[in-house]
Amino acid sequence: MPGTAIWKRPATLEDLNRMTEGNMLGHLGIRFIEIGDDYLVATMPVDGRTQQPFGLLHGGASVALAESMGSVGSQLCLDSDQLFCVGLEINANHIRAVRSGQVKGVARPLHIGRRTQVWDIRIYDAQERLVCISRLTLAVLPYPE
């Protein structure tokens, strides 16, 4: 139903950005900037932390942004007291090079199932041009007893 939020675990931007502290997300400068009814938006700088040796945004940094966004989104769609998600597969098509500034990722679920989730993450440059398309598949697992 349009306008109905998919999130089972409410979170604020402050909650999501607190999760980036002290790990790779924080090191790469990833910041969540918007939570919609069925999507998340985050940014990542294109600088020495995320560039490859030739000065372009590293494809691995784009994949790290995509997997981070999909993983966070997947957890928000679960009863996180009983279930958690782990990545099974990620792919990425790198469309456009970026040398500086920041990129913005938009993550939306394609499938939220009982055993798997599939997320589509699209990354854009400052001019809203498509930089990378990624698809992340996650397994939904119960916590061990």
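Considering only residues that are assigned to a loop (DSSP other than H, G, I, E, B) and of a type in the set (A, V, I, L, M), which ones fall in the stretch 20-37? First the steps, then the outcome.
Filtering the stretch 20-37 down to residues assigned to a loop (DSSP other than H, G, I, E, B) leaves 20-23, 29-30, 36-37.
Residue satisfying the conditions is Ile30 alone.
Any chance the stretch 38-50 includes a residue that's free of Cβ contacts under 8 Å to residues at least 40 places away in the same chain, among the polar types (S, T, N, Q), under 16 Å from Arg99 (Cβ atoms) and surrounded by 12 or more Cβ atoms within 10 Å (Cβ to Cβ)? Lay out the reasoning, then the answer.
So in the stretch 38-50, the residues free of Cβ contacts under 8 Å to residues at least 40 places away in the same chain come out as 48-50.
The next check asks that each one be among the polar types (S, T, N, Q); those that pass are 50.
Checking the rest, the ones that are also under 16 Å from Arg99 (Cβ atoms) come to 50.
Among the residues that remain, those that are also surrounded by 12 or more Cβ atoms within 10 Å (Cβ to Cβ) are: 50.
There is at least one residue in the stretch 38-50 that is free of Cβ contacts under 8 Å to residues at least 40 places away in the same chain, among the polar types (S, T, N, Q), under 16 Å from Arg99 (Cβ atoms) and surrounded by 12 or more Cβ atoms within 10 Å (Cβ to Cβ).
Which numbered condition in (1) among the small types (Gly, Ala, Ser); (2) within 19 Å of Ala5 (Cβ to Cβ); (3) out of contact with any Phe, Trp or Tyr (no Cβ under 6 Å at 6 or more places or on another chain) is the only one that Ser68 fails?
(2)
Anything in the stretch 51-80 that is of a type outside the set (A, V, I, L, M), surrounded by 16 or more Cβ atoms within 10 Å (Cβ to Cβ) and in a loop (DSSP other than H, G, I, E, B)? List them, or say none. Write out each step before concluding.
Kept after step one, since they are of a type outside the set (A, V, I, L, M), are these residues of the stretch 51-80: 51-55, 58-60, 62, 67-68, 70-71, 73-75, 77, 79-80.
Pick out the ones that are also surrounded by 16 or more Cβ atoms within 10 Å (Cβ to Cβ) and you get 51, 58, 62, 67-68, 70-71, 73-75, 77.
Within the stretch 51-80, His58, Cys77 qualify.
Output the number of residues of the stretch 82-129 satisfying the condition of being outside any strand (DSSP E or B), surrounded by fewer than 18 Cβ atoms within 10 Å (Cβ to Cβ) and of a type in the set (D, E, K, R).
6
Any residue at all in the stretch 47-59 that's under 13 Å from the mean Cα position of the chain (by Cα), at negative phi and not hydrophobic (A, V, I, L, M, F, W, C)?
So the first thing to find is which residues in the stretch 47-59 are under 13 Å from the mean Cα position of the chain (by Cα), and the list is none.
Within the stretch 47-59, not a single residue is under 13 Å from the mean Cα position of the chain (by Cα), at negative phi and not hydrophobic (A, V, I, L, M, F, W, C).
Enumerate the pairs (first residue in the stretch 85-114 and without any contact (Cβ under 8 Å) to a residue 12 or more places away in the chain; second residue anywhere and buried (at least 18 other Cβ atoms within 10 Å of the Cβ) and assigned to a strand (DSSP E or B)) with beta-carbon separation below 7 Å, excluding pairs fewer than 6 apart on the same chain, so at least 6 apart or on different chains.
That search, which allows pairs on different chains as well, returns His111/Gln117.
The numbers here are math on the coordinates, done by the rules we state, and not lab data. Predicted model only: the values in this text are computed from it and were never measured. When we count neighbours, we look across all protein chains shown, and the Cβ atoms used for this are built from the backbone with ideal geometry, even at glycine.
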